[in-house]
Amino acid sequence: MHPQSAIQYQFPLQSLNTFGIAASAHAYLRVTETEQLLGVFADAAWVSAPKLVLGGGSNLLLTGDFPGLVLHIALQGREVLAGDESHHYVRAAAGENWHEFVQWTLAQGVGGLENLSLIPGTVGAAPIQNIGAYGLETKDVFHSVTVFDPSNGGTRTMDAAACRFGYRDSIFKQEGGRHLIILDVCFALPKQWQPNLRYAELAQAVAEQGLDAPSAQQVADTVIAIRRRKLPDPAVIGNAGSFFKNPVVTGVQCAALLERFPTLVHHAQPDGSEKLAAGWLIDQCGWKGRNLGAAGVYPKQALVLVNNGGAKGADVVALARAIQADVQARYGVLLEPEPVFI
């Protein structure tokens, strides 16, 4: 089918972003087959138009209507591939719901992704953001990704080294890879599975249940319970999860901050740097539970900004800027937003 026939115009995007911001796209295409991408990028009418690749809409903030073509990646499919001596290989299409995919792997008897349960978004977003939670990041269980390259209309496979993973970062957010469109992701999950309880809060929650040797599903259930207790459901309160990255400072900077703020929450990194808790910094500046217009800071978690109803992208931006200014003034640290502003 020619992509032009499936394109819709003046398409509402409110239900396609977890912040629930009301905005529209000049044009919209739901991509269920790779051939649709080939068609769009070969079509003279769309080659030069601005494009937004959209997954679950959980890591973006719409600051207005989008003037070009939204490519909504809805590719489906998941499978357990042949493994090797040490790993199961599990692959999923980019449009699969992330949490449902994690639960599916557990149902197949394959553990390894359970710490990342209940993270909103799609499978395709996982390597872009190098999503992480409770002691695990995508890069720790990543094998490869298949991408579509609009510059030549071809597809190729990239391994972990090619993806240049960093803290909430990858080549897909950098100059050399922003144009690439993820089609599917393959994960390498350990056959000799052991629970990952490095994150203190998770370990404590497991211990409180009296689980000396928890299963992967029990770890997943615990993570889900913690997240539901601390974080708002986007279906109820619009949000994009953690709004700011945890800032990383030098050991010297951290030591200086500790002299002034002895209770500063910090975590030593392998390279000698220190990761600070953005939520703690925001809370100490008095923002937890505060609102600025229709946007606010979630009362149970200062790291989450919310749409209290009818907020525009500009309202959330104004709130974020005010928080950044206060944290920088008090601690000399600039908080960096996780969501992409569109």
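The values are calculated or read from the model by the stated rules, or taken from the named source; none is laboratory data. Computed from a predicted model, the values in this text were never measured in an experiment. Please note: Cβ atoms are built from the backbone with ideal geometry, for glycine as well, and neighbour counts cover all protein chains shown. Just so you know, the surface numbers come from the protein's heavy atoms only, side chains and all, with ligands and any DNA or RNA stripped out. Shrake-Rupley method; radii C 1.70, N 1.55, O 1.52, S 1.80 Å.
On the basis of being farther than 20 Å from L81 by Cα and either open to solvent by less than 10 Å² (accessible area, probe 1.4 Å) or part of a helix (DSSP H, G or I) (or both), does I128 make the cut? Spell out the reasoning first.
Numbers: farther than 20 Å from L81 by Cα: yes; either open to solvent by less than 10 Å² (accessible area, probe 1.4 Å) or part of a helix (DSSP H, G or I) (or both): yes.
Judged against the criteria, I128 is a match.
Based on this model, can you work out whether L276 counts as open to solvent by less than 50 Å² (accessible area, probe 1.4 Å), under 21 Å from the mean Cα position of the chain (by Cα) and farther than 23 Å from I237 by Cα?
On the way: open to solvent by less than 50 Å² (accessible area, probe 1.4 Å): yes; under 21 Å from the mean Cα position of the chain (by Cα): yes; farther than 23 Å from I237 by Cα: yes.
Here the answer is yes, as L276 does meet what is asked.
If I filter the stretch 15-25 for residues that are among the aliphatic types (A, V, I, L, M), farther than 25 Å from V340 by Cβ and outside any helix (DSSP H, G or I), do I get at least one hit? Outline the logic, then answer.
Step one: list which residues in the stretch 15-25 are among the aliphatic types (A, V, I, L, M), which gives 16, 21-23, 25.
Those still in the list that are farther than 25 Å from V340 by Cβ too: none.
Looking for residues that are among the aliphatic types (A, V, I, L, M), farther than 25 Å from V340 by Cβ and outside any helix (DSSP H, G or I), one finds none in the stretch 15-25, hence no.
Exactly one condition in (1) open to solvent by less than 50 Å² (accessible area, probe 1.4 Å); (2) over 18 Å from D221 (Cβ atoms) is false for L202; which is it?
(2)
Only one of D184, D212 is open to solvent by 60 Å² or more (accessible area, probe 1.4 Å) and either out of contact with any strand residue (DSSP E or B) (no Cβ under 7 Å at 6 or more places or on another chain) or modelled with pLDDT of 90 or more (or both); which? Full working, then the answer.
On the way: D184 fails: open to solvent by 60 Å² or more (accessible area, probe 1.4 Å).
The conditions single out D212.
Identify all residues within the stretch 187-209 that are of a type in the set (S, T, N, Q), touching a residue at least 12 places away in the same chain (Cβ under 8 Å), under 14 Å from G112 (Cβ atoms) and out of contact with any strand residue (DSSP E or B) (no Cβ under 9 Å at 6 or more places or on another chain); write none if there are none. Working first, answer last.
Going through the stretch 187-209, the residues of a type in the set (S, T, N, Q) turn out to be 192, 194, 196, 204, 209.
This time we only want the ones that are touching a residue at least 12 places away in the same chain (Cβ under 8 Å), so: 192, 196, 209.
Retained after the next criterion (residues that are under 14 Å from G112 (Cβ atoms)): 192, 196.
Passing the criteria: only Q192.
Please enumerate the residues belonging to the stretch 238-274 that are part of a strand (DSSP E or B) and without any contact (Cβ under 8 Å) to a residue 40 or more places away in the chain.
Result: H266, H267, A268, E274.
Quick one: is T34 of a type in the set (V, I, T) and crowded, with 22+ Cβ neighbours inside 10 Å?
Working: of a type in the set (V, I, T): yes; crowded, with 22+ Cβ neighbours inside 10 Å: no.
Considered against the rule, which asks whether it is of a type in the set (V, I, T) and crowded, with 22+ Cβ neighbours inside 10 Å, T34 comes out as no.
Going by what's in this entry, would S242 be described as hydroxyl-bearing (S, T, Y), at pLDDT below 95 and open to solvent by less than 30 Å² (accessible area, probe 1.4 Å)? Give the steps one after another, and end with the answer.
Values: hydroxyl-bearing (S, T, Y): yes; at pLDDT below 95: yes; open to solvent by less than 30 Å² (accessible area, probe 1.4 Å): no.
So S242 fails the test.
If I ask for residues that are touching a residue at least 40 places away in the same chain (Cβ under 8 Å), in a loop (DSSP other than H, G, I, E, B) and either surrounded by fewer than 17 Cβ atoms within 10 Å (Cβ to Cβ) or of a type in the set (G, A, S) (or both), which ones from the stretch 41-64 would you list?
Correct list: D43, A45, G55, G56, G57, S58, T63, G64.
If I224 passes every condition in (1) open to solvent by less than 50 Å² (accessible area, probe 1.4 Å); (2) touching a residue at least 60 places away in the same chain (Cβ under 8 Å); (3) assigned to a loop (DSSP other than H, G, I, E, B); (4) among the aliphatic types (A, V, I, L, M) but one, which one does it miss?
Of everything listed in (1) open to solvent by less than 50 Å² (accessible area, probe 1.4 Å); (2) touching a residue at least 60 places away in the same chain (Cβ under 8 Å); (3) assigned to a loop (DSSP other than H, G, I, E, B); (4) among the aliphatic types (A, V, I, L, M), I224 misses just condition (3).
Identify all residues within the stretch 53-72 that are touching a strand residue (DSSP E or B) at 6+ places or on another chain (Cβ under 7 Å) and under 14 Å from G124 (Cβ atoms); write none if there are none.
Looking only at the stretch 53-72, we keep the residues that are touching a strand residue (DSSP E or B) at 6+ places or on another chain (Cβ under 7 Å), and these are 53-56, 58-61, 63, 65-72.
Answer for the stretch 53-72, where residues must be touching a strand residue (DSSP E or B) at 6+ places or on another chain (Cβ under 7 Å) and under 14 Å from G124 (Cβ atoms): V53, L54, G55, G56, S58, N59, L60, L71, H72.
Among the residues of the stretch 313-336, count how many are in a loop (DSSP other than H, G, I, E, B) and either touching a Leu at 6+ places or on another chain (Cβ under 9 Å) or hydrophobic (A, V, I, L, M, F, W, C) (or both).
Just the residues of the stretch 313-336 that are in a loop (DSSP other than H, G, I, E, B), to begin with: 332-336.
Pick out the ones that are also either touching a Leu at 6+ places or on another chain (Cβ under 9 Å) or hydrophobic (A, V, I, L, M, F, W, C) (or both) and you get 332-335.
Number satisfying all stated conditions: 4.
Do we find that V297 is open to solvent by 50 Å² or more (accessible area, probe 1.4 Å), of a type in the set (V, I, T) and either under 22 Å from G132 (Cα atoms) or more than 23 Å from the chain's Cα centre (by Cα) (or both) in this structure? Steps first, answer last, please.
Details: open to solvent by 50 Å² or more (accessible area, probe 1.4 Å): no; of a type in the set (V, I, T): yes; either under 22 Å from G132 (Cα atoms) or more than 23 Å from the chain's Cα centre (by Cα) (or both): yes.
So V297 does not fit the description; no.
Restricting to the stretch 91-123, give me the number of residues that are under 29 Å from E175 (Cα atoms) and in contact with an Asp or Glu (Cβ under 8 Å, 6 or more places away or on another chain).
Number satisfying all stated conditions: 6.
Can you tell me which residue among L29, L75, L71, L38 is of a type in the set (A, V, I, L, M), assigned to a loop (DSSP other than H, G, I, E, B) and within 22 Å of I128 (Cα to Cα)? Walk me through how you get there before you give the answer.
On the way: L29 fails: assigned to a loop (DSSP other than H, G, I, E, B); L71 fails: assigned to a loop (DSSP other than H, G, I, E, B); L38 fails: assigned to a loop (DSSP other than H, G, I, E, B).
Result: L75 is the single residue among L29, L75, L71, L38 that is of a type in the set (A, V, I, L, M), assigned to a loop (DSSP other than H, G, I, E, B) and within 22 Å of I128 (Cα to Cα).
Identify all residues within the stretch 65-79 that are open to solvent by 20 Å² or more (accessible area, probe 1.4 Å) and farther than 30 Å from A295 by Cβ; write none if there are none.
Q76, G77, R78, E79
From the set of residues in the stretch 143-163 that are of a type in the set (A, V, I, L, M, F, W, C) and in a strand (DSSP E or B), which is surrounded by the most Cβ atoms within 10 Å (Cβ to Cβ)?
Just the residues of the stretch 143-163 that are of a type in the set (A, V, I, L, M, F, W, C), to begin with: 145, 147-148, 158, 160-163.
Adding the requirement that they be in a strand (DSSP E or B) leaves 145, 147-148, 158.
Values: V145: 28, V147: 26, F148: 22, M158: 19.
Only one residue fits best here, namely V145.
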